[in-house]
Amino acid sequence: MEYVNPLTGLRIDGRRPTEMRHLKGEIGVVSKADGSALFEMGNTRVIAAVYGPREIQNKGQQMNNNEALVRCEYSMANFSTGDRTRRPKGDRRSTEISLVIRQTMEACILTKLMPRSQIDIFVQVLQADGGTRSACINAATLALADAGVPMRDIVTSCSAGYLCTTPLLDLNYAEDSAGGPDVTVGILAKMDKVTLLQMDAKLPLDTFENVMQLAIEGCKAVAQYIREILLENTKQLESRRGS
């Protein structure tokens with residue numbers, strides 16, 4: 001299958017190799033949560049809800065009294081893919097992605113400002129079409145900002161892959177399933193610091209650098225979009241206060 005048309009240079013969904021899918025974000029979508037967000041990357045839709053900072057419920061989980069405990073739970077809705085098989089709750093993949101998201105968010109949350117407290121992050125994939133890990137991180141960042149959790153910087157994520165000898169940004173499911181190498185990156189945008197790097201196949205070093213740089217550019221584009229959402233939300237809150 002041709003994932004990049006040799007005549008037009010376009011991908012199967014009509015995008016150029018370095019073009020991201022359409023981004024859409026919305027905050028405050030779960031009324032009972034302290035912070036929440038819906039985030040879409042193309043046809044991948046993810047919802048995130050944040051509870052806390054609040055008092056620790058299970059004191060035995062607290063490893064360090066001087067900073068907040070961050071917990072994360074990732075899940076996929078049974079209707080999120082075309083696959084009808086029910087995934088057991090807490091399966092190995094979900095546990096692994098929960099850990100990845102938690103570690104990525106811990107890199108941006110100022111946990112020392114909230115000692116003896118816990119922050120719970122729940123993310124659920126509503127519709128999966130590739131890049132679910134990145135979409136979850138982006139949704140969690142928006143939800144944390146909505147909850148007013150202090151962060152040293154916003155953390156954003158994007159993936160890039162290598163198919164048909166071409167680096168491709170923000171893979172959809174068909175591209176992701178093609179078996180080529182792909183790299184998922186998370187960065188602290190303003191600090192320009194990589195907090196997540198996952199790769200599931202080998203690449204020559206020069207190709208890897210190109211693919212990783214493309215993913216970083218994607219992260220920066222997501223960061224710019226998230227800042228716009230937060231700025232617009234601030235303006236709306238201020239206009240409500242003024243009226």
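The values are calculated or read from the model by the stated rules, or taken from the named source; none is laboratory data. Since we're looking at a predicted model, the values are computed, not measured. Ideal geometry is used to build each Cβ from the backbone, glycine not excepted, and the neighbour counts take in all protein chains shown. Each accessible area value is taken on the protein alone, full model and side chains, heavy atoms only, with ligands, DNA and RNA left out. Shrake-Rupley method; radii C 1.70, N 1.55, O 1.52, S 1.80 Å.
Here the accessible area of the chain is 50 percent carbon and sulfur, with a 1.4 angstrom probe and all protein chains present. Relative to the globular-protein estimate of 2.2 N^0.38 Å, the Cα radius of gyration of segment 102-243 stands at 1.16. I need the calculated FRET efficiency for the pair residue 22 and residue 66, taking r as the beta carbon distance and R₀ as 41 Å, to the nearest 0.05. It comes to 0.45.
For residue 15, the shell of other residues with beta-carbons less than 11 Å away shows a net charge of -1, using +1 for Lys and Arg and -1 for Asp and Glu. Cβ-Cβ distance of residue 117 and residue 31, R₀ of 25 Å, FRET efficiency by 1/(1 + (r/R0)^6): the value works out to about 0.65. In the chain, Cα pairs under 8 Å separated by at least six residues give a relative contact order of 21 percent. Fully extending the segment from residue 151 to residue 56 would add 32.2 nm, taking 0.36 nm per residue of separation and subtracting the current Cα-Cα distance.
For the chain, DSSP calls about 85 percent of its internal beta bridges antiparallel. Given the DSSP H assignment, sum -39500 (n - 2.57) over each helix run of at least 4 residues in the chain and divide by its residue total; what's the result at 222 nm in deg cm²/dmol, nearest 500? Per the formula, -10000 deg cm²/dmol.
Heavy atoms of the protein chains alone define the surface here; on that basis the chain has 52 Å² accessible area per residue at 1.4 Å probe size. Calculated FRET efficiency, residue 201 to residue 7, Cβ-Cβ distance, R0 = 35 Å: about 0.80 to the nearest 0.05.
With one equal scatterer per alpha carbon and no solvent term, the Debye-computed log10 I(q)/I(0) for the chain at 0.11, 0.12, 0.14, 0.18 1/Å reads -0.58, -0.69, -0.92, -1.39. When all protein chains stay in place and ligands, DNA and RNA are ignored, the 1.4 Å accessible-area order of 74, 51, largest first, is 51, 74. Taken along the Cα-to-beta-carbon direction at a fixed 7 Å, the label points for residue 233 and residue 93 span 2.9 nm.
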